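Bear in mind these aren't lab numbers, they're just calculated from the coordinates by the rules spelled out. As the structure is a computational prediction, the values presented were derived from the model and not from experiment. Neighbour counts are summed over all protein chains in view; Cβ atoms, including those assigned to glycine, are modelled from backbone coordinates with ideal geometry.
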Amino acid sequence: MDNPEVTNQPEPDRFMQAPVSQLIGFQVSAPTPEDKLLGRAEVRLDVDERFHNPMGRVHGGMLSALADAAMGIAFGRMLDGNQDFSTVELHIQYMRPVKSRTLVAKAIVQQRGLRIGFVGCEIRDHRDRLIATATCTCTTIDL
């Protein structure tokens, strides 16, 4: 009798194949049960000159999009099947410019109420240097 292959890989979710992720190139890490419980997400983006502003560095809007994706995913993973969400506010602080690197955005829900959630994010480069920090407020929408 054949045994099915057993893996310890987390199960993918709807955020991993979002159209915007495919368009921009976000690489969304599969969630663990703990990620869903705590509201955590990790999103990677390989940046090069296609993402540059006129000064030859990654455009701030791309960093903002990366942070927004990570924070939205972190919050969205905490919701049940009868809920959705929307970001209602986003703040970002740029710490250092970057040209070409793999960037990693790690987000975690800091506080979640019945309707509103607060999420924080750090974006770091391949050498673990802090590139940007961000926070957002999300609102829960009942379907």
Taking 8 Å as the Cα distance limit and 6 or more residues as the minimum spacing, I'd like the relative contact order of the stretch 14-142 as a percentage.
26
Want the number for residue 110 to residue 143: 0.36 nm per residue separation, take away the alpha-carbon distance, what's left?
9.5 nm
Least to most buried among 55, 78, 95 (fewest other Cβ within 10 Å first)
55, 95, 78
Neighbourhood net charge (9 Å Cβ-Cβ; Lys/Arg +1, Asp/Glu -1) for residue 29
-1
Determine the calculated [θ] at 222 nm for the chain from helices alone, applying -39500 (n - 2.57) to every DSSP H run no shorter than 4 residues and normalising by the residue count; nearest 500 deg cm²/dmol.
-6000 deg cm²/dmol
Quick calc: nm separation of the 7 Å Cα→Cβ label points for residue 89 and residue 38 -> 2.6
With a sphere of radius 15 Å drawn around the Cβ of residue 56, what net charge do the other residues whose Cβ falls strictly inside it have (Lys, Arg +1; Asp, Glu -1)?
+3
Cα→Cβ-extended label distance, 7 Å offset, between residue 53 and residue 20, nm:
2.0
In whole Hz, with x marking every Gly and Pro, tabulate ³J(HN,Hα) for the stretch 86-97 from phi via Karplus 6.51 cos²θ - 1.76 cosθ + 1.60, θ = phi - 60°.
8, 7, 10, 7, 9, 10, 9, 10, 8, 9, 7, x
Counted charge near residue 120, where neighbours are those whose Cβ lies closer than 12 Å (Asp, Glu -1; Lys, Arg +1):
+1
